[in-house]
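I'd like to ask some things about the structure below.
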Amino acid sequence: MNTAYFLINTVFDLYLMVVLLRVWLQWARADFYNPMSQMVVKLTNPLVVPLRRIIPGLGGLDLASVVLALLIAFAKLALLKTLNVMVADWLTLSLFALLTVLKKAGSMIFWILLIRAILSWVSQGRNPIEYVMHQLTEPFLAPIRRILPALGGLDLSVLVAFIGLQAINYLLGDLFGQLWWMI
């Protein structure tokens with residue numbers, strides 16, 4: 001049963017992160033023609049395009065992609081429920097799906113920030129991946145940089161963002177208890 005849980009969790013979570021990355025790329029108005037953006041679009045279009053016929057966008061937010069993310073999280077939890085890995089009623093499963101999407105979004109922000117920080121140490125110049133990472137993270141880091149004092153070329157905004165993300169993670173853990181840490 002552990003193998004089935006691992007495979008289901010991994011496959012659904014990876015695709016959920018790709019869908020959330022699509023939402024984030026659109027929200028940040030990242031370069032659509034970037035190879036990374038094109039990969040995300042090609043991986044998600046088969047499910048997003050049919051949903052867009054039913055669900056319109058709202059103020060620049062692609063609601064079809066958001067709904068798809070919720071549906072993927074719900075499908076994962078429903079599959080785990082049918083395998084008796086998770087015991088919950090269907091209404092609670094819907095709440096779990098929403099929390100799963102929130103937690104995966106926070107996790108994705110953390111990893112993208114970490115990748116950007118590592119790329120800033122080793123990069124020889126702008127490559128397409130680094131450019132998209134910059135476009136994705138700048139809406140989070142720019143306000144922090146305006147508050148932090150200049151430290152002679154040392155940028156601590158990523159560290160402050162990590163601390164903020166971890167604080168939010170613990171706050172949600174306090175609000176939702178063991179449920180938050182289970183997802």
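Out of Ser37, Ser65, Ser120, any idea which swings most in a Gaussian network model of the chain, alpha carbons joined below 10 Å?
Highest fluctuation of the listed residues: Ser120.
Anyone know which of Lys76, Lys42, Lys104 comes out most mobile in the 10 Å Cα GNM of the chain?
Answer for the Gaussian network model of the chain: Lys42.
Sticking with this structure for a sec: What list of ³J(HN,Hα) couplings, whole Hz, do you get for region 78-89 from phi and the Karplus terms 6.51, -1.76, 1.60, once you set θ to phi - 60° and write x for glycine and proline?
Karplus-based 3J(HN,Hα) across region 78-89 equals 5, 5, 5, 5, 5, 8, 6, 7, 10, 10, 6, 7 Hz.
To continue, here is another question. When only alpha-carbon atoms are used, what values of Rg and Dmax, in angstrom, describe region 115-183?
15.3, 44
As I understand it, the dipole of the chain uses +1 on the Cβ of Lys and Arg and -1 on the Cβ of Asp and Glu, about the Cα centre. Which of Thr82, Ala69, Ile54 lies farthest toward its positive end?
The listed residue farthest towards the positive side: Ile54.
Now for a separate question. Please give the charge dipole size of the chain, origin at the Cα centre, charges +1 on K and R Cβ atoms and -1 on D and E Cβ atoms. Round to the nearest 20 debye.
300
What's the Kirkwood radius of the chain in Å, using all Cα pairs?
18.1
Further question: For the chain, what does -39500 (n - 2.57) per DSSP helix run (n ≥ 4), summed and divided by total residues, give at 222 nm, in deg cm²/dmol to the nearest 500?
Using -39500 (n - 2.57) per qualifying helix, the result is -27000 deg cm²/dmol.
Could you work out how far helix 157-176 tilts from the main Cα principal axis of the chain, as a 0 to 90 degree angle to the nearest 10?
The helix 157-176 is inclined about 20 degrees to the chain.
Hey, another quick one. Pick from Val40, Val66, Val85 the residue whose mean-square fluctuation is largest in a GNM of the chain, springs joining Cα atoms under 10 Å.
Per the Cα network of the chain with a 10 Å cutoff, Val85 tops the list.
Same structure, new question: Based on the Cβ-Cβ distance from Ser123 to Met182, what FRET efficiency comes out when R0 is 41 Å, to the nearest 0.05?
0.65
Here, each number is a calculation from the coordinates, and none is a lab measurement. This one's a predicted model, so the numbers in the text were calculated from it and none came from an experiment. Reconstructed Cβ throughout: ideal geometry from the backbone, glycine too, with neighbour counts over all protein chains shown.
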